[in-house]
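The values are calculated or read from the model by the stated rules, or taken from the named source; none is laboratory data. Note that this is a predicted model, so its numbers are computed, not measured. FYI the Cβ positions are ideal-geometry reconstructions off the backbone, even for glycines, and counts take in every protein chain you see.
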Amino acid sequence: MSTPEIAPPPVTPPPTPLLFGERVLASLERALALLAVLLLMGTVGLVLTNVRSQYAFQYWAAMFPLFGAAALWEELRRRPDGTRVGGLILRGVAHWTGPLAALWIVFRFLHLGQVDGQTAGLLAVLVLALCCFFGGIHGAPVWLAVAGFLAAGVLVALEVEAYLWLLVVLGALLVAGLVVWRLRTRR
């Protein structure tokens with residue numbers, strides 16, 4: 001009686017490493033998606049501060065940890081092998097929650113009548129832009145672009161407050177364009 005022969009399992013080729021251009025494109029895609037979402041969230045905060053200032057501090061106070069979580073994710077994704085995670089997390093938490101004190105002071109100015117809702121919103125975005133700037137210097141460079149766009153948004157809002165809604169529309173178009181582009185490239 002013969003024993004049935006067992007076929008060897010199929011050999012799967014090792015995954016091919018991503019080419020440099022593919023890595024750059026993937027990084028750029030992540031950065032643009034992150035930038036679009038964060039700019040949209042910042043614009044919503046500006047509008048909320050102008051319209052419903054009693055809820056604005058809670059919104060902005062939640063924004064800093066959300067931005068911080070995105071930055072921490074990027075830092076953990078980029079960290080070299082063997083880097084201790086605890087130090088990165090502690091530094092990220094301190095970096096993104098520390099400016100909440102400045103944010104609280106901005107909203108104290110608002111509640112004491114020293115500034116109006118629009119000014120408080122713009123100062124909140126400016127504090128966030130500064131936090132993103134230092135996040136880009138000490139972490140992932142994508143945060144430098146986020147800081148630049150947030151600061152530019154403040155300048156645009158200062159000069160053309162009637163067109164503030166345009167930032168919302170542009171942010172939505174950017175997100176929609178990224179989604180469509182991503183869906184087309186996956187086919």
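Overview of results
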item	result
Matching residues in region 124-145 - criterion: being among the β-branched types (Val, Ile, Thr) and either modelled with pLDDT under 80 or not in a helix (DSSP H, G or I) (or both)	142
Qualifying residue in region 101-119 (condition: assigned to a helix (DSSP H, G or I) and within 17 Å of residue 38 (Cα to Cα))	no
Search result, residues across region 68-126 that are β-branched (Val, Ile, Thr), touching a Leu at 6+ places or on another chain (Cβ under 7 Å) and touching a residue at least 24 places away in the same chain (Cβ under 8 Å)	125
Hey, residue 150 in contact (Cβ under 8 Å) with a residue 40 or more places away in the chain, buried (at least 16 other Cβ atoms within 10 Å of the Cβ) and hydrophobic (A, V, I, L, M, F, W, C) or not	yes
Residue match in region 112-119 (condition: buried (at least 21 other Cβ atoms within 10 Å of the Cβ) and in contact with a helix residue (DSSP H, G or I) (Cβ under 9 Å, 6 or more places away or on another chain))	no
